[in-house]
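What follows draws every value from the coordinates through simple rules; no lab data is involved. These numbers were taken from a predicted model, which means no experiment stands behind them. Methodologically, a virtual Cβ is constructed for each residue, glycine included, from the backbone with ideal geometry; neighbour enumeration extends over all protein chains shown.
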Amino acid sequence: MTVRVALSEISTVGASFSEDVAAYGGAGFDAIGVWEFKLPDDDDANRALLAEHGLTVANCVPRVPSFFPLGIPGMEGPPDHEERVEALLASVRRLAAYDPESIVCLSGPLGGRNEAEARRQLIAGLQRVAAVARELDVPLGLEPIHPSQRESVSFVNSIEDAVTILQEAGLHDVGLMFDLYHVWDDPAVWDTIARVAYRITGVHVADWPADPARTDRELPGQGVSRTR
């Protein structure tokens, strides 16, 4: 088995795309996790730069990554659900040209909706986005988020939750973005991984900080979660 290692651009949030490509290639990474908000408009030039530095594309995060507005300052995005779905569709069409390992999406928080309505809208949106991803032959991955971020990032808070929603949507070809930071303390995580490993489109490796006042990520092996 060949394992390729990538670095996600959010790790160097203050650097530009071109700076990231040069640094990641120079550091010996195989691939780059692209965040669309960093991409310059010229996709042909972007892909040429990646090739020049020997990088393929790992997991891509769209400019508007979630179906409902995020509760993160500066990342809220448009409030209208339909506008968000259209933005996700546009991102899938654009990012597919980079031949990524997958394109990541999130549910977003409930934001005042009841859960039944939110699930209905999420499933309908996922079905539309998945249809375009299928047409373009690019994997789509739904990412569950830690329960502590239920009110700000996602109401899908475990691998099991994500699988259930994908099954309800009939989306057997949509995968899971597996982030150790978000699932490490799920007591069922080991059994779940064994059961759904074939659906995992990518793995984010980061550690949970020991300091309870911190909400950011620690380097693998330096925190209190089970990344090892």
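Show me 153-166, 5-18 ranked by packing, highest mean number of other Cβ atoms within 10 Å first.
153-166, 5-18
How much length would be gained if the chain were fully extended between Val224 and Ala131, taking 0.36 nm per residue of separation minus their Cα-Cα distance, in nm to one decimal?
29.6 nm
Of all DSSP beta bridges in the chain, what percent run antiparallel (nearest 5)?
5
Starting from the coordinates of the alpha-carbon atoms of the chain, obtain the Kirkwood hydrodynamic radius over all distinct pairs and give the value in Å to one decimal.
18.0
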**Report entry** Mean Cα-pair separation over length for the chain, i.e. relative contact order, pairs under 8 Å, 6 or more apart, %
**Finding:** 14
Report task. Just order 135-147, 96-108, 37-49, 75-87 by mean Cβ neighbour count inside 10 Å, highest at the front, would you? Result -> 96-108, 135-147, 75-87, 37-49
Report summary line: Rounded to whole angstrom, the alpha-carbon centroid of segment 188-226 lies from that of segment 27-83 at a distance of 22
Report task. Rank Arg113, Arg128, Arg199 by mean-square fluctuation in a GNM of the chain with C-alpha springs under 10 angstrom and give only the top-ranked residue. Result -> Arg113
Query raised in the report: Ratio of Rg to Rh for segment 127-179, alpha carbon only, Kirkwood?
Result: 1.00
